[in-house]
1. Match the structure shown to one of the listed values (i) 40, 18, 12; (ii) 27, 20, 13; (iii) 43, 15, 13 of semi-axes √(5λ) of the Cα gyration tensor in Å, computed from it, and give that label.
2. Calculate, in nm to one decimal, what ARG98 and LYS159 gain on full extension: separation in residues at 0.36 nm each, minus their alpha carbon distance.
3. Below 24 Å, Cα to Cα, which lysines can LYS55 reach? Residues fewer than 8 away in the same chain don't count.
4. Note the full-extension length gain between HIS70 and THR34 as 0.36 nm times their separation in residues minus their Cα-Cα distance, in nm to one decimal.
5. Net charge near ALA11: determine it from the other residues with C-beta under 12 Å of the C-beta of ALA11, scoring Lys and Arg +1 and Asp and Glu -1.
6. If amide hydrogens are placed 1.01 Å from N in the peptide plane, which non-local residues have theirs closer than 5 Å to the one on LEU27?
7. At 7 Å along the Cα-to-beta-carbon direction for both PHE115 and GLN12, put a label point, then send me their distance in nm to one decimal.
8. What does the charge count around PRO75 come to, taking other residues whose C-beta lies under 9 Å from its C-beta (Lys +1, Arg +1, Asp -1, Glu -1)?
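Since every read-out is calculated from the coordinates, none of them should be taken as a lab result. Note that the coordinates shown come from a computational prediction; the quantities given were computed from them, not determined experimentally. Cβ coordinates were reconstructed from backbone atoms using ideal geometry, including for glycine residues, and neighbour counts include every protein chain displayed.
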Amino acid sequence: MSWKNGLGSTAQIDIYPASAVFPQDFLWRISSATVEASSPFSNFPGYDRLLSVWKGAGLFLNGEKLGQSHILAFPGERVIESELVTDTVVDLGIIFNRAKVIAHMSFQKIQDEEFHFDCAETANYFFCCEGSIKVQGFGEAVLLKQGDTLKVDAKESIKLSSAFKAAFYRFQIQIL
């Protein structure tokens with residue numbers, strides 16, 4: 001779908017509520033965008049944003065470099081000019097209504113270990129950004145491959161593991 005400013009496109013991973021029509025009346029939206037040229041960011045008054053680079057050398061946002069696995073938090077009304085470090089970048093992020101939602105985004109590498117999560121928040125999303133990750137806790141195990149996202153609702157307990165080098169982003173969202 002088109003960016004709000006019409007200068008690019010994004011792949012929407014999830015929007016809440018599901019009936020929301022972007023760019024209005026949503027509490028949060030998780031998406032990934034391919035950035036092929038320098039451009040200004042869309043303006044989202046009343047919303048906050050968390051953003052990271054998933055693929056590529058990175059972006060300069062108002063002159064500050066944002067690279068892979070680093071997460072930048074900023075208000076949606078902040079004027080942001082982006083420039084590519086070298087070539088095409090794929091980013092990953094969340095836009096959320098700061099008056100109604102608290103959101104966190106984190107990055108974690110995983111290899112030959114297990115991570116246990118008790119998901120107390122309203123919603124949790126696990127985005128596999130490298131390798132593959134085995135997820136247990138839903139009865140039958142689920143395998144997340146690079147680019148897959150798993151949504152886990154409140155009060156679920158899960159275990160993530162990988163025998164090989166892998167990495168994921170986690171979004172934790174709480175409605176106020």
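1. Correct label is (ii).
2. 19.0 nm
3. Of all the lysines, those that pass the test against LYS55 - Cα under 24 Å, at least 8 places apart if same chain - are LYS4, LYS65, LYS109, LYS134, LYS145, LYS151, LYS165.
4. In short, 11.3 nm is gained.
5. Here the count lands on -1.
6. Placed amide hydrogens put TYR16 under 5 Å from LEU27.
7. Result for the modelled spin labels: 2.7 nm.
8. Around PRO75, the surrounding residues sum to +1.
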